[in-house]
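> What follows is a structure written as structure tokens; I'll ask about it next.
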Amino acid sequence: MKITDVFTHVLSKPLEEPFAFSQGWVKKRSAMIVEIVTDEGVVGWGESLCHGLQPPEIAASFVDRCFKPHLLGRDPFDVEVLWEEMYNLTRPFGGGSAVNAISGVDIALWDVIGRSLNKPVSKLLGGNFRDEITPYATGFYRKENLNYPEAGIKEAKMHLSKGFNAFKLKTGFGVEDDLEYIYAIREAVGNEPKMMLDANCAYNSSQARRLLFELEDANINFFEEPLAPEDIEGYKEIKNLTSTFIAAGENIFGKMGYRHWVSQKVLDILQPDLCSSGGFTECKKIASMAQAWNTEVIPHVWGSGIGLAASMQYIATLPPTPLSLNPAGLYLEYDQSDHPFREELIFNAIHMENGKVHIPQKPGIGVDINRDVIEEYEINVFK
């Protein structure tokens with residue numbers, strides 16, 4: 001089998017109602033989709049993570065201008081070789097969008113392999129530790145003309161009414177604002193629902209230390225990205241001063257990026273994003289590193305239905321850490337914020353039933369792609 005073509009599809013649609021997190025306003029939802037075509041007619045699909053403020057054209061440029069000429073004529077089964085070669089091609093650019101782009105290609109390569117062998121990717125990576133997963137709702141972005149914490153309380157109750165028993169609040173709007181917001185929602189929903197926080201790198205260690213001290217009675221499951229990813233010493237400081245689990249990873253790239261975070265036990269929970277941290281090839285290694293240091297992995301997930309489906313294949317393969325009769329809870333981050341094509345992009349969209357999400361078992365990443373939706377939302381970039 002040989003790769004005969006590689007396409008990038010940049011999809012984008014303005015939001016009717018923009019929303020904000022601690023770093024800015026999200027005015028559109030976008031995706032960078034990778035399509036790999038082979039001489040045997042097998043087509044694979046992948047996705048590069050597009051953060052709310054990150055132009056998808058950056059990753060598309062890496063794939064179109066750098067990786068595509070290198071991939072044509074190659075065997076997609078040489079996925080490990082291709083990963084290392086793509087990384088070496090872009091090593092001078094460091095992490096970030098280069099590894100983000102590699103991730104989309106890698107996912108598409110594994111999708112090709114799975115479809116050609118009629119097996120889901122999870123089986124190719126060693127099998128399923130689980131066939132379903134408990135999701136937590138991601139949302140709670142700020143919108144104009146709404147009052148807070150009232151709007152947050154309303155959203156929390158909405159997610160609980162849908163069957164969620166866990167959700168993640170967007171924080172990072174100032175220590176006092178966060179404290180009022182978090183405690184108001186906790187009081188409104190009671191202590192039973194699991195509640196996580198995500199500050200999107202909004203604080204320095206002094207601010208985070210104060211916030212965490214005041215949150216000891218709020219029953220927080222984990223606090224995601226309180227600090228910038230460059231501040232590894234700050235993370236060490238706050239982790240040792242709180243009983244709240246500290247999590248990060250969506251802005252750490254590849255096994256080399258994770259090396260010190262894992263070996264120095266900087267975090268309680270690692271959050272590699274399959275669509276940004278290196279795809280299946282690299283994220284499987286990150287999970288093995290985490291297991292060696294007895295550290296939990298709860299992946300970051302934020303994208304279209306392609307990224308969601310692929311991430312669920314990865315989640316299926318994660319071993320309980322530590323292995324026991326009652327292991328630490330593993331969750332699927334399940335984005336509930338506004339997205340015009342997340343569900344439409346795949347056939348038989350993924351849904352929660354009775355508080356669980358079933359992991360797709362079809363070949364490859366487990367879902368089929370709706371080309372009509374790609375045509376509807378695709379924007380011309382390098383055509």
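The values are calculated or read from the model by the stated rules, or taken from the named source; none is laboratory data. Keep in mind that this is a model prediction, so the values were computed, not measured. Methodologically, a virtual Cβ is constructed for each residue, glycine included, from the backbone with ideal geometry; neighbour enumeration extends over all protein chains shown.
> Being of a type in the set (Gly, Ala, Ser), without any contact (Cβ under 8 Å) to a residue 12 or more places away in the chain and in the same structural domain as Tyr314 (by TED's automatic domain parsing) narrows it down to one residue among Ala156, Ala151, Ala137; which is it?
Ala151
> Picking from Ser277, Ser263, which residue would you name as being touching a helix residue (DSSP H, G or I) at 6+ places or on another chain (Cβ under 9 Å), in the same structural domain as Leu318 (by TED's automatic domain parsing), surrounded by fewer than 21 Cβ atoms within 10 Å (Cβ to Cβ) and not basic (Lys, Arg)? Before you say what the answer is, go through the steps one by one.
Working: Ser277 fails: surrounded by fewer than 21 Cβ atoms within 10 Å (Cβ to Cβ).
Of Ser277, Ser263, the one residue that is touching a helix residue (DSSP H, G or I) at 6+ places or on another chain (Cβ under 9 Å), in the same structural domain as Leu318 (by TED's automatic domain parsing), surrounded by fewer than 21 Cβ atoms within 10 Å (Cβ to Cβ) and not basic (Lys, Arg) is Ser263.
> Still on this structure, please answer the following. Restricting to region 140-153, what's the tally of residues that are assigned to a helix (DSSP H, G or I) and loosely packed, with under 14 Cβ neighbours inside 10 Å?
1
> Checking Phe347 against (1) buried (at least 16 other Cβ atoms within 10 Å of the Cβ); (2) touching a strand residue (DSSP E or B) at 6+ places or on another chain (Cβ under 9 Å); (3) more than 14 Å from Ala310 (Cβ to Cβ): exactly one of these is not met. Which one?
Checking Phe347 against (1) buried (at least 16 other Cβ atoms within 10 Å of the Cβ); (2) touching a strand residue (DSSP E or B) at 6+ places or on another chain (Cβ under 9 Å); (3) more than 14 Å from Ala310 (Cβ to Cβ), the one that fails is (1).
> Of (1) surrounded by 15 or more Cβ atoms within 10 Å (Cβ to Cβ); (2) in contact (Cβ under 8 Å) with a residue 12 or more places away in the chain; (3) not acidic (Asp, Glu), Lys123 satisfies all except one. Which?
Among (1) surrounded by 15 or more Cβ atoms within 10 Å (Cβ to Cβ); (2) in contact (Cβ under 8 Å) with a residue 12 or more places away in the chain; (3) not acidic (Asp, Glu), the lone unmet condition for Lys123 is (2).
> Which of the residues that make up region 1-41 are in contact with a Gly (Cβ under 7 Å, 6 or more places away or on another chain) and either at pLDDT below 95 or not hydrophobic (A, V, I, L, M, F, W, C) (or both)?
Scanning region 1-41 gives Lys2, Ser22.
> Mind checking which helices (runs of 4 or more DSSP H) fall wholly inside region 1-94 and carry at least 3 residues that are assigned by TED's automatic domain parsing to the domain that holds Leu197 and acidic (Asp, Glu)?
Ranges flagged: none.
> Also: In region 232-253, which residues are within 21 Å of the chain's Cα centre (by Cα) and either part of a loop (DSSP other than H, G, I, E, B) or at pLDDT below 95 (or both)?
Matches in region 232-253: Gly249, Glu250, Asn251, Ile252, Phe253.
> Condition first: hydroxyl-bearing (Ser, Thr, Tyr) and either part of a strand (DSSP E or B) or on the phi > 0 side of the Ramachandran plot (or both). Now tell me which residues in region 116-139 satisfy that.
Scanning region 116-139 gives Thr134, Tyr136, Thr138.
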